[in-house]
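The values are calculated or read from the model by the stated rules, or taken from the named source; none is laboratory data. For clarity, every value in this text was computed on a predicted model and none was experimentally measured. Positions of Cβ are backbone-derived with ideal geometry, glycine not excepted, and every protein chain shown enters the neighbour counts.
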Amino acid sequence: MAEAGSAASRRWLFTLTIFVGSFLLFMVQPMVARMALPRLGGAPNVWNSAMLVYQALLLGGYAYAHFIGRFAIKRQAMVHVALLVLAGLTLPLALKAGGAAAPGWEVVWVPWLFLLTVGPVFFAVSAQAPLMQSWYAAGDGAGDPYPLYAASNLGSFGGLLAYPLLVEPILPLGEQSQLWTIGYGALVLLVASVAFARRKAVAVTHVAEEAHSKIKGSTIALWLILSAVPSGLMLSTTTFLTTDIMAMPLLWVIPLGLYLLSFSIAFAENRKLARLFVLSAPVLVPLCAALSIGEKADLGVTAGIATIALLFIGAIALHARLYSLRPPASELTRFYLFMSLGGVIGGAFTALFAPVLFDWTWEHPILIIALVALLPLDGWKHLLERIRIRQILFRAGLVFAVFCVMMFTGLTTQIALSTVGDRTRSYFGIYTVAEQNDGSRWLIHGTTTHGMQMEGSTEPTTYYGRDSGVGRVLAQTPRLVGDEARVGVVGLGVGTLACYRQPGQEWTYFEIDPAVLDYSTRGQFTYLSECTPDAQTIIGDARLELAALPSDAFDVLVIDAFSSDSIPLHLLTREAIAVYRRVMQPDGVLLIHISNRFIKLEPVIEALARDAGLTATIRNDMENKEARTFTSGWIALSADGSKLESITAQEGWEPLGEPAERLWTDDYASVLPHLKVNLTE
């Protein structure tokens with residue numbers, strides 16, 4: 001009894017060790033993604049690629065935990081502590097690969113960058129959850145180790161929230177990396193303490209080779225699919241939300257956070273909450289599916305909430321079914337290995353194959369159908385028996401009903417768009433060409449309008465009208481910088497700005513996505529071909545491409561990369577401004593587009609302007625339906641005060657106001673202090 005009590009009393013140590021390891025894992029994920037931002041930008045697929053790497057490393061860690069489980073606990077501990085120490089030699093974390101991806105190779109290069117940067121420590125720490133549970137089970141009277149997995153995912157959830165809410169807004173990247181290194185050191189000490197507590201225990205895994213035959217192949221297949229579908233759905237939910245509903249900053253945190261939280265509920269020792277979700281899932285999941293797949297996301301916030309609720313409820317239900325299929329503790333590491341493999345399969349389907357196979361987020365409704373087909377029906381068993389309906393028929397009917405509802409609420413429109421072929425999917429997003437009865441043609445990127453052109457007209461529209469800040473400055477460029485101005489434009493869109501070109505001017509465009517250029521070169525939008533047919537378009541990340549140019553290359557530089565609600569922060573830091581200034585004439589004019597529903601960028605740019613010795617002014621232009629222009633905000637900056645005076649001589653230009661308290665740099669940038677409380681601002 002004393003040994004049993006001792007094993008139980010040490011549960012807190014195992015729980016703490018698992019919690020800390022998972023906390024560190026999910027704090028390092030967004031941290032490394034933030035480090036890579038200056039090279040990668042903020043496309044949803046960048047995060048999906050990062051998640052796929054993390055899932056692959058997790059699989060490797062679980063495979064390693066399964067492999068060393070055949071040894072005595074003492075030997076396992078020696079090997080694992082040594083591995084942690086060796087991996088720690090790569091700390092503090094910093095990007096390990098130079099340069100940038102060649103256009104079209106981002107899907108390979110981005111995972112490789114993350115793998116080189118965080119691979120060793122992530123691999124070592126990722127083995128924590130199965131190893132610690134296995135070691136815990138080795139103690140006499142320790143009890144069921146599986147509920148400790150709830151602590152693992154609670155730690156993951158805590159780390160995920162701590163980064164954007166507490167760490168990123170306060171600490172620069174260098175200090176973040178140092179803090180994580182300290183946490184890693186604490187984890188090594190905790191693992192050593194756990195190893196000491198189990199130094200005399202006998203491993204419970206790999207007890208006999210014949211025991212493996214007790215696990216049926218069908219059970220392993222269920223482990224895989226019950227892990228794969230929620231994993232894939234978590235990533236597809238992120239893509240679907242940012243593509244079809246809202247590209248809100250930090251939105252990626254919500255699907256991943258709820259996915260992790262679903263494990264904590266599904267694997268909890270107290271089963272009441274998990275049973276409640278399992279019982280309600282066959283009703284709530286179809287309802288959420290109907291609300292989320294709305295045509296053109298007309299349901300707005302309702303569709304967003306329904307999409308997130310669908311993921312959360314469905315993930316809990318499938319993970320609870322997975323928990324019910326867990327094997328004895330002797331097969332614990334094997335169970336987690338297949339769970340991890342399933343997660344990688346689901347992640348690969350969404351992050352690697354779907355962008356190549358589909359022109360829209362078709363993976364999302366596909367995974368919803370799979371989710372519905374796999375929902376556990378334990379709570380419905382007696383009811384179905386009373387009305388004499390077999391479970392398999394009920395599942396089939398439920399799936400068919402969900403499919404019909406999604407077709408009715410929006411999928412038919414998506415099928416029509418895919419059939420017509422007016423949609424393109426690339427690594428950086430999904431683009432749709434929409435033609436209206438009034439003769440207008442629109443390019444839509446997710447929830448963001450990239451441009452519009454009226455048939456037979458080259459008149460600037462949307463954010464680029466004659467009265468917009470950019471329209472007014474470009475119209476007076478000859479007077480500001482001379483007749484032979486060299487103009488650079490970062491962010492092509494449909495090329496609307498091209499028709500501000502005047503005789504003698506030389507224009508150069510910078511665009512990260514070749515798919516965007518295709519729309520202008522194949523005749524669907526004619527601004528470029530009619531107004532700047534001899535202009536050069538450079539494909540690649542604008543900041544890197546600008547840095548490779550000689551000094552004083554432009555008289556006017558337009559940065560049009562911030563109209564999307566999810567902005568590429570690396571184009572708006574002290575280092576980015578330094579790049580812009582170097583490639584501009586000393587008295588040149590910099591124009592920055594800041595139209596955004598969620599982030600107030602004026603204080604950020606005012607701080608950057610003061611730091612760089614620039615004077616800044618802003619023009620906010622209101623919507624004009626007759627001219628087909630949108631509400632827009634454009635900031636003009638220059639080191640030449642006389643040029644700014646000339647620009648502000650026209651009415652409508654105003655000072656930016658007070659600067660941000662902290663300057664954005666490559667080492668520090670957080671949107672959290674600048675989120676708009678009132679989204680109508």
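If a residue must be more than 18 Å from ALA561 (Cβ to Cβ), out of contact with any strand residue (DSSP E or B) (no Cβ under 7 Å at 6 or more places or on another chain) and in a strand (DSSP E or B), how many such residues does the range 413-429 contain?
The total comes to 1.
Of the residues in the range 617-635, how many are in contact (Cβ under 8 Å) with a residue 24 or more places away in the chain and out of contact with any Asp or Glu (no Cβ under 6 Å at 6 or more places or on another chain)?
Counting residues in the range 617-635 that are in contact (Cβ under 8 Å) with a residue 24 or more places away in the chain and out of contact with any Asp or Glu (no Cβ under 6 Å at 6 or more places or on another chain) gives 10.
For (1) under 27 Å from ASP422 (Cβ atoms); (2) out of contact with any His (no Cβ under 7 Å at 6 or more places or on another chain); (3) surrounded by fewer than 18 Cβ atoms within 10 Å (Cβ to Cβ); (4) charged (D, E, K, R), each residue gets a yes or a no:
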| position | (1), (2), (3), (4) |
| --- | --- |
| GLY314 | no, yes, no, no |
| SER324 | no, yes, yes, no |
| SER340 | no, yes, no, no |
| PHE353 | yes, yes, yes, no |
| LEU357 | yes, yes, yes, no |
| LEU383 | no, yes, yes, no |
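Which helices (runs of 4 or more DSSP H) sit wholly inside the range 328-389 and have at least 1 residues that are closer than 27 Å to TRP109 by Cα and not assigned by TED's automatic domain parsing to the domain that holds PRO147?
Because the criterion is at least 1 residues that are closer than 27 Å to TRP109 by Cα and not assigned by TED's automatic domain parsing to the domain that holds PRO147, the helices (runs of 4 or more DSSP H) in the range 328-389 that meet it are 332-348, 354-357, 363-374.
Quick one: in the range 642-680, which of the residues that are surrounded by 15 or more Cβ atoms within 10 Å (Cβ to Cβ) and basic (Lys, Arg) is nearest to GLN176 (Cα to Cα)?
ARG662
Return the only residue of VAL481, VAL473 being buried (at least 21 other Cβ atoms within 10 Å of the Cβ), modelled with pLDDT of 95 or more and in the same structural domain as CYS531 (by TED's automatic domain parsing).
VAL473
Would you pick out the residues in the range 43-75 that are out of contact with any helix residue (DSSP H, G or I) (no Cβ under 7 Å at 6 or more places or on another chain) and either of a type outside the set (Phe, Trp, Tyr) or at pLDDT below 80 (or both)?
ALA43, ARG70, ALA72, LYS74, ARG75
Checking the condition within 23 Å of TYR323 (Cβ to Cβ) and either surrounded by 13 or more Cβ atoms within 10 Å (Cβ to Cβ) or not aromatic (Phe, Trp, Tyr) (or both), which residue from GLY410, GLY346, GLY397 passes?
Step by step, each of GLY410, GLY346, GLY397 is checked, and only GLY346 is within 23 Å of TYR323 (Cβ to Cβ) and either surrounded by 13 or more Cβ atoms within 10 Å (Cβ to Cβ) or not aromatic (Phe, Trp, Tyr) (or both).
Yes or no: the range 143-162 includes at least one residue that is part of a helix (DSSP H, G or I), modelled with pLDDT under 90 and in contact with a Pro (Cβ under 8 Å, 6 or more places away or on another chain).
Yes, the range 143-162 contains a residue that is part of a helix (DSSP H, G or I), modelled with pLDDT under 90 and in contact with a Pro (Cβ under 8 Å, 6 or more places away or on another chain).
May I ask you to list the residues in the range 278-327 that are at pLDDT below 90 and not in a helix (DSSP H, G or I)?
Selection gives ILE293, GLY294, ASP298, LEU299, GLY300.
Give me the residue from the range 435-470 that is of a type in the set (Gly, Ala, Ser), closer than 20 Å to LEU417 by Cα and assigned to a loop (DSSP other than H, G, I, E, B) and, out of that set, modelled with the highest pLDDT.
So the residue we want is GLY439.
So, restricting to helices (runs of 4 or more DSSP H) that lie completely within the range 497-586, which ones have at least 2 residues that are under 26 Å from the mean Cα position of the chain (by Cα)?
Helices (runs of 4 or more DSSP H) meeting the threshold: 514-521, 542-547, 574-583.
Here are ALA639, ALA612: which of them is modelled with pLDDT of 95 or more, surrounded by fewer than 22 Cβ atoms within 10 Å (Cβ to Cβ), over 25 Å from VAL671 (Cβ atoms) and not aromatic (Phe, Trp, Tyr)?
ALA639
Quick test of your reading of the structure: LEU590 fulfils all but one of (1) outside any helix (DSSP H, G or I); (2) under 23 Å from LYS676 (Cα atoms). Name the failing condition by number.
All conditions are met except number (2).
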